[in-house]
Amino acid sequence: MKIKLKKTLYIGLGGTGVATLLKVKKCFIDSYGEIPPMIGFLAIDTDTAALNKEETSNLGSPIRLEQSELLVCTVRNALPTYRSSPAKFDWVPPRNVNNLRNIAGLGAGAVRSNGRFIAYYNFKTIQANITTAINKIHQLIPSTSRYTIDTNRDGIEYATTINVFASVAGGTGSGMLIDTLCLINKSMK
């Protein structure tokens with residue numbers, strides 16, 4: 001009998017999101033020995049350290065996010081970018097403007113507006129990666145697969161589920177959360 005699962009995308013924002021996705025991925029690998037084709041992952045972080053994070057499966061093998069599952073966003077010269085168009089970024093609190101000088105690949109520094117600034121600057125790339133991740137979990141599943149899409153009693157597929165993980169107290173996750181939810185909504189249409 002085939003294993004029935006819903007089409008599900010897990011999105012993690014910031015360090016908390018990356019850590020959570022690795023744990024969820026570990027659960028799938030420990031349960032099924034692999035990631036089912038209707039399950040997807042996308043981590044979006046502003047810290048290049050995310051590239052080196054991993055979990056260990058119950059069998060001792062390392063679990064990492066694949067290149068297609070991890071997007072590291074940054075802004076080089078964020079402060080000059082802000083100063084060239086301050087009206088475009090009028091939502092950045094004046095007391096946080098100088099924090100923009102420290103965000104080139106080192107995270108958002110636990111400053112929410114830095115996380116949002118990076119998301120705003122990279123929104124086309126973020127949108128493209130979200131759309132790609134959604135399309136991936138919607139690909140046809142081969143008839144030889146041990147998995148099948150779960151349906152209700154009438155044989156209708158359940159709606160795609162998207163779970164988003166982020167810290168509300170950090171910089172990247174809390175700064176990107178609302179904008180990312182809007183991009184997900186746009187990508188689902």
- Message: Among the residues of the range 98-131, what is the count of those that are out of contact with any Gly (no Cβ under 6 Å at 6 or more places or on another chain), closer than 19 Å to Ala169 by Cα and open to solvent by less than 30 Å² (accessible area, probe 1.4 Å)?
- Response: 7
- Residue satisfying condition, being closer than 18 Å to Val24 by Cα and either out of contact with any Lys or Arg (no Cβ under 8 Å at 6 or more places or on another chain) or among the charged types (D, E, K, R) (or both), within set Val168, Val164: Val164
- Note on the structure: Counting only residues in the range 143-171 that are exposed (fewer than 13 other Cβ atoms within 10 Å of the Cβ) and among the small types (Gly, Ala, Ser), the one farthest from Leu5 (Cα to Cα) is identified as Ala169
- Note on the structure: Filtering the range 16-55 down to residues that are in contact with a helix residue (DSSP H, G or I) (Cβ under 7 Å, 6 or more places away or on another chain), in a helix (DSSP H, G or I) and not β-branched (Val, Ile, Thr) yields Gly17, Ala50
- Residue pairs within 6 Å by beta carbon, gap of at least six or interchain, first lying in the range 171-189 and without any contact (Cβ under 8 Å) to a residue 60 or more places away in the chain and over 14 Å from Ile118 (Cβ atoms), second open to solvent by 20 Å² or more (accessible area, probe 1.4 Å) and not aliphatic (A, V, I, L, M), listed first then second, are none
- Taking only the range 112-135 into account, find how many residues are under 14 Å from Gly17 (Cβ atoms), under 12 Å from the mean Cα position of the chain (by Cα) and not polar (S, T, N, Q). 4
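The values are calculated or read from the model by the stated rules, or taken from the named source; none is laboratory data. The model shown is predicted, which means the values in this text are computed figures rather than measured ones. Neighbour counts are summed over all protein chains in view; Cβ atoms, including those assigned to glycine, are modelled from backbone coordinates with ideal geometry. Accessible surface is based on the protein model in full, side chains and every heavy atom, while ligands, DNA and RNA are left aside. Shrake-Rupley method; radii C 1.70, N 1.55, O 1.52, S 1.80 Å.
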